[in-house]
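The values are calculated or read from the model by the stated rules, or taken from the named source; none is laboratory data. Only a predicted model underlies this, so the values are computations on that prediction, with no experimental measurement involved. Here the Cβ is made from the backbone with ideal geometry for all residues, glycine too, and neighbour counts use every protein chain on show.
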Amino acid sequence: RTDATTDTYAITQRLARLRILPGLETEAWTYGGSYPGPTLVSRAGRRTVVTHRNELPQPVAVHLHGGHTPHESDGHPTDLILPVGWEMRHPYGMSDMNGTGVTTLGERTYTYPLDQRAATLWYHDHRMGFTGPSAYRGLAGFHLVHDDEEEALPLPRGERDIPLMITDRSFAADGSFHYPALDPAWGTPGVTHHWMEGVLGDTILVNGAPWPVLDVQRLRYRLRVLNASNSRIYKLELDPQPPGGDALVQIGSDGGLLERPVRHDALALAPAERFDLVVDFARYRPGTQVRLVNRLGSGTTAEAMRFDVSGAARTPADETAVPARLSTVERLDPRRAAVTRTFHFQRSEGVGWTINGMAYQPGRAIATPKLGTTEVWRIVSDFHHPVHVHLNPFQVVARDGQAPGPYDAGWKDTVDVLPGQSAEFAVRFTDYPGRFLLHCHNLEHEDMAMMADFVTR
Ligand code: C2O
Ligand code: CU
Ligand code: CU
């Protein structure tokens, strides 16, 4: 629904039986009966209001990832929607919540001002301690924000602007999702859980389908790639490469358009990161099968999908282009930061995955940034930790004291800090006082408490 100032959506979260594998049904937790959930579309600066009704058997919390959203609608892990028909109990089954969350029964309305640039956002479950299994069972969808600046560019659009949600899953013999932490052995003392480092699946799904094939014309396509996997990191490449390489022309990042396109042969992609790409299939001969391969995978995880290039000898006229200049990206100046904070993302003996040695505790603020100021956050990492900040995007300014890496351009909200590495980013907190999250977006790390609140004021 739409009126002069607001776009309105209503989503029912419910169980659905989906056909993902041939001949089998998979029971999924869905936004509105599909996986991924419906793609929501908003206009920058126009309010979008989404009412979620929870008909699932478990509490949920909905987070708009990449949204510049006030605390009340940010989907904090302690702000739960209890299922329809439950009784109101608060705090829900957890003793350490300090009454910090706001729980609602059956429904909740999230208001997104979306006062931000055009970008590829996504929404997903964020329930405390259960984000991994909830997302794994299907609770994720795209939310695209458009604006005038982006629409004035001659980029591919419509049918040739395609969001691609890449995930890995495992299935039991009956077709159900196999999430190992839901095994009865979970929590058994003395049993070593190999998924401590994160849950990996053996089947790659793109937009919910295993290894799909997309027929493409010999034209440019915009591919908005999102790694929505719980913990898998990909290195994606087109195989074969077109003559001359540089097949993947990056035009945008988590937070929208880059200033200038960046050309890649391969793309490293950690959980929650988005890369907005343009691929020109006119660079291939008619009839070529182009596989999107994963150089970090093997066997069934070595390929994500395939593009079958039209066999027609004549290429239709392509009215699109990738301009040399896409946008203006203001540079945050790290030397003008009000404060530099260091966060150690590490495994701590006897605690688990921690930030500065602490497991998550709602209500304890790890930082209290002042609105209107820029801060530098330095992340020191002992593993691959895709570090995510709610509320405001950031700019990577250094890795190990050197220049940022090839995938760090533009406004980011998630950055993969490599094992043994440190990374620094500059973040400006603009508006909305309240409690927000800093966490690892490896969802198993997150669920095992690698998360912290920060409070803006
Ligand atoms: Cu996509 Cu706090 O997460
Ligand atoms: Cu987020
Ligand atoms: Cu992590």
Which residues, taken from segment 238-261, are surrounded by fewer than 20 Cβ atoms within 10 Å (Cβ to Cβ) and touching an Asp or Glu at 6+ places or on another chain (Cβ under 7 Å)?
GLN241, GLY245, ASP246
With the condition kept exactly as written, say whether any residue in segment 379-388 is away from ligand 3 (no atom under 14 Å from the Cβ) and modelled with pLDDT of 95 or more.
no
By my count, strands (runs of 3 or more DSSP E) wholly in segment 358-451 with at least 1 residues that are within 16 Å of ligand 1 (Cβ to nearest atom) and in contact with a Gly (Cβ under 9 Å, 6 or more places away or on another chain) are 394-399, 414-417, 434-440
Looking at segment 1-22, is at least one residue part of a loop (DSSP other than H, G, I, E, B) and under 17 Å from ARG108 (Cβ atoms)?
no
Of the residues in segment 46-85, those that are of a type in the set (Asp, Glu) and within 12 Å of ligand 2 (Cβ to nearest atom) number 1
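Residue-wise test of (1) among the aliphatic types (A, V, I, L, M); (2) crowded, with 24+ Cβ neighbours inside 10 Å.
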residue	(1), (2)
THR373	no, no
VAL380	yes, no
PRO386	no, yes
TYR432	no, no
GLU446	no, yes
VAL455	yes, no
Matching strands (runs of 3 or more DSSP E) fully within segment 107-178 where at least 1 residues are touching a residue at least 60 places away in the same chain (Cβ under 8 Å) and more than 16 Å from ligand 2 (Cβ to nearest atom):
107-112, 140-146, 161-169
Quick count over segment 335-359, residues being surrounded by fewer than 20 Cβ atoms within 10 Å (Cβ to Cβ), at pLDDT 95 or above and among the β-branched types (Val, Ile, Thr), is 3
Restricted to segment 181-202, and to residues that are closer than 22 Å to ILE20 by Cα and buried (at least 16 other Cβ atoms within 10 Å of the Cβ), which residue is modelled with the lowest pLDDT?
ALA181
From the residues in segment 96-146 that are closer than 20 Å to ARG435 by Cα, charged (D, E, K, R) and surrounded by fewer than 24 Cβ atoms within 10 Å (Cβ to Cβ), which one is nearest to the chain's Cα centre (by Cα)?
ASP115
Please work out if SER170 is of a type in the set (S, T, N, Q), within 14 Å of TYR35 (Cβ to Cβ) and under 22 Å from the mean Cα position of the chain (by Cα).
no
Just to check your reading of the model, which residue among PRO362, PRO369 is touching a residue at least 40 places away in the same chain (Cβ under 8 Å), farther than 24 Å from LEU267 by Cα, more than 16 Å from ligand 3 (Cβ to nearest atom) and surrounded by 23 or more Cβ atoms within 10 Å (Cβ to Cβ)?
PRO369
So which pairs qualify, if the first residue must be in segment 384-408 and closer than 24 Å to GLU444 by Cα and β-branched (Val, Ile, Thr), the second must be part of a loop (DSSP other than H, G, I, E, B) and more than 16 Å from ligand 3 (Cβ to nearest atom), the Cβ gap must be under 9 Å, and the two must be at least 6 apart or on different chains?
none
For segment 320-372, the count of residues that are in contact with an Asp or Glu (Cβ under 7 Å, 6 or more places away or on another chain) and of a type in the set (A, V, I, L, M) equals 8
Among strands (runs of 3 or more DSSP E) entirely inside segment 242-346, those with 2 or more residues being without any contact (Cβ under 8 Å) to a residue 60 or more places away in the chain are 274-280, 289-294
Applying the selection to segment 216-235, what residues are surrounded by 20 or more Cβ atoms within 10 Å (Cβ to Cβ) and in a loop (DSSP other than H, G, I, E, B)?
ARG218, ALA228, SER229, ASN230, SER231, ARG232, ILE233
Look through segment 398-457, keep the residues that are within 15 Å of ligand 3 (Cβ to nearest atom) and among the β-branched types (Val, Ile, Thr), and return whichever of them is nearest to the chain's Cα centre (by Cα).
THR414
